1. Between the DSSP loop rule and a limit of at most 11 other Cβ atoms within 10 Å, which trypsin sites (Lys or Arg not before Pro) in region 331-372 are left?
2. Using alpha-carbon positions, what is the distance between the centroids of region 9-74 and region 183-206, in Å?
3. How big is the charge dipole of the chain about its Cα centre, in debye rounded to the nearest 20, if each Lys and Arg gets +1 on its Cβ and each Asp and Glu gets -1 on its Cβ?
4. Would you calculate, for the chain, the mean residue ellipticity at 222 nm contributed by helices, counting each DSSP H stretch of 4 or more residues as -39,500 (n - 2.57) and dividing by all residues, to the nearest 500?
5. Quick one: compute the contact order of region 183-281, relative version, from alpha carbon pairs under 8 angstrom and 6+ residues apart, as a percent.
6. Over region 117-237, what is the mean sequence separation of C-alpha contacts under 8 Å (at least six apart), divided by residue count, expressed as relative contact order in percent?
7. The chain: longest stretch without exposed GluC sites (Glu not before Pro) (DSSP loop, at most 11 other Cβ within 10 Å), sites themselves excluded?
8. Give the aspartates and glutamates whose C-alpha is closer than 20 Å to that of Lys391, dropping any in the same chain fewer than 8 places away, or say none.
Amino acid sequence: MQELIARLPQPARDHLANVGDNLQLLADLGYCDAALAVPDAHGELIAVADARPRTAADPVSATRVGDRLAREDEPEAYDALVKRRPVLGTSRRLPGGVTGSSDAYPLGADEPYAVLLRTYGEQVETTASRMETAFIDAARDLMQTLRTGPLVDARTRHSFSTERRAGDGVLRVSPGGAVMYASPNAVSIMREAGVEGRVTGMRAAELPGGALSIAPMLGTAGGMATELELGGRTLGYRCIALTSGALVLVEDLTEARRRERELGVKEATIREVHHRVKNNLQTIASLLRMQARRSSNEEVRRALGEAVERAGSMATVHDMLAHSAEECVDFAEVARRVVGLVRSSVVGDDPRFAVRVSGVTGPIDAGPATSLALVLTELVHNSLEHAFGPKDRGTVSVDLTRDAEGLLLIVRDDGRGLPADFDPATTKGLGLSIVRTLVEEDLGGELSLAAGEGAGIALRVPLGTAGEST
């Protein structure tokens with residue numbers, strides 16, 4: 001299929017891409033299966049794109065993309081190529097066993113390079129209501145418009161495409177600017193926006209926002225999407241200039257935009273809270289640092305220094321949350337920042353020591369991330385403080401692995417090793433007691449000695465998808 005399209009000149013490829021982007025609109029408006037077919041070197045048509053209707057039963061049993069369309073199954077398509085004009089089908093037995101028809105519109109003015117097909121069941125038009133007939137007429141006019149060239153955005157000059165959304169109102173506007181048809185949804189939207197009396201027959205420019213969103217498209221080509229605030233309502237218009245006036249899709253976006261604004265306010269408030277928490281934690285850390293400098297007791301200074309690290313690790317998480325649109329953070333990035341803070345606190349810029357973080361975690365919710373940051377602070381601090389002698393060189397490594405079972409975090413070093421009787425589940429040190437409490441009680445995980453080369457501690461904690469409770 002790509003080879004068929006690639007051999008065409010760029011304007012033809014752009015045209016095909018734009019028609020393909022608008023097939024779903026055509027399928028839903030026309031209660032039909034919409035397809036795009038390109039002839040191969042032998043003149044046989046190959047389907048390169050299609051769209052199945054969401055508004056009616058599909059008369060075609062399965063997607064036809066990649067299929068060769070037989071001449072006896074799609075005579076209209078081949079006739080349209082030869083005659084270089086649209087060919088409307090007559091009722092016949094379709095390949096899937098349904099009675100129906102196909103309309104074919106050639107693409108390309110002088111030498112057609114593709115065919116646009118509308119395939120529909122017999123009952124679609126024989127039992128169509130007034131609304132359905134109006135939509136089918138709009139689909140045919142849209143096909144006629146699409147065959148002449150791509151839809152171009154009237155403002156940006158880029159390709160324009162859209163589709164029919166749930167709740168959309170549909171308007172047909174005459175070349176002179178009068179509303180020829182308004183669907184029930186369109187009438188309801190206009191009523192909410194303050195229109196009184198019949199919508200059908202009104203001048204499109206007199207509709208709420210019509211002078212800015214519809215009138216400029218009459219007598220032109222392409223499409224335009226406009227969103228307008230009008231008398232407390234928010235209306236979204238997508239207007240397509242047709243060879244016979246305009247097709248307008250209108251939706252009431254008032255509630256959607258209100259919810260977005262409320263969500264924006266909540267997100268901004270939450271980010272501000274995280275920012276203030278971070279500032280408060282940094283203030284606490286500064287006070288603890290000042291207190292440590294004033295103390296003459298080495299043990300007190302060490303304890304206060306460790307408290308500074310803990311406050312700093314929590315501040316790191318809240319700092320990242322303050323700049324995030326979600327209540328989650330990339331924990332691998334948190335780990336790198338926390339490890340840098342701990343290294344600076346324990347060994348400063350001493351080049352004899354290195355701390356490395358590897359692995360990918362993806363986003364983790366704020367609560368588990370804060371607990372994990374505290375755990376990592378304690379484990380890295382213990383390694384840097386206890387694993388190496390005064391003249392040693394060494395490396396502390398942090399390995400992170402995220403899988404379906406949760407997060408595996410391993411902190412190991414190449415120092416003097418752990419005591420032979422060391423058991424992380426029973427050790428009495430404050431740091432590892434904090435680690436054990438956070439891992440087992442707060443995170444519902446497990447703590448163990450790390451297997452493999454190098455002394456270390458491993459922990460595995462279950463994690464849900466970011467944004468879900470764990």
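1. On the way: sites: Arg336, Arg337, Arg343, Arg352, Arg356; in loops: Arg352.
Sites meeting the loop and neighbour criteria: Arg352.
2. Answer, in whole Å: 34.
3. Values: 53 positive and 66 negative charges, 239 e Å.
It comes to approximately 1140 debye.
4. Working: 13 runs with 182 residues, N = 470.
Mean residue ellipticity, 222 nm, calculated: -12500 deg cm²/dmol.
5. Values: 110 pairs, mean separation 18.3, N = 99.
Result for region 183-281 is 18 percent.
6. Values: 130 pairs, mean separation 24.7, N = 121.
Computed over region 117-237, the figure is 20 percent.
7. Details: sites that count: Glu72, Glu196, Glu405, Glu453, Glu468.
Formally, the longest exposed-site-free interval is 197-404.
8. Partners within reach: Asp349, Asp350, Asp413, Asp414.
Taken together, the values in this text are just the output of simple stated rules run on the coordinates, not laboratory data. Bear in mind the structure is a predicted one, so any value in this text is a computation, not a measurement. Positions of Cβ are backbone-derived with ideal geometry, glycine not excepted, and every protein chain shown enters the neighbour counts.
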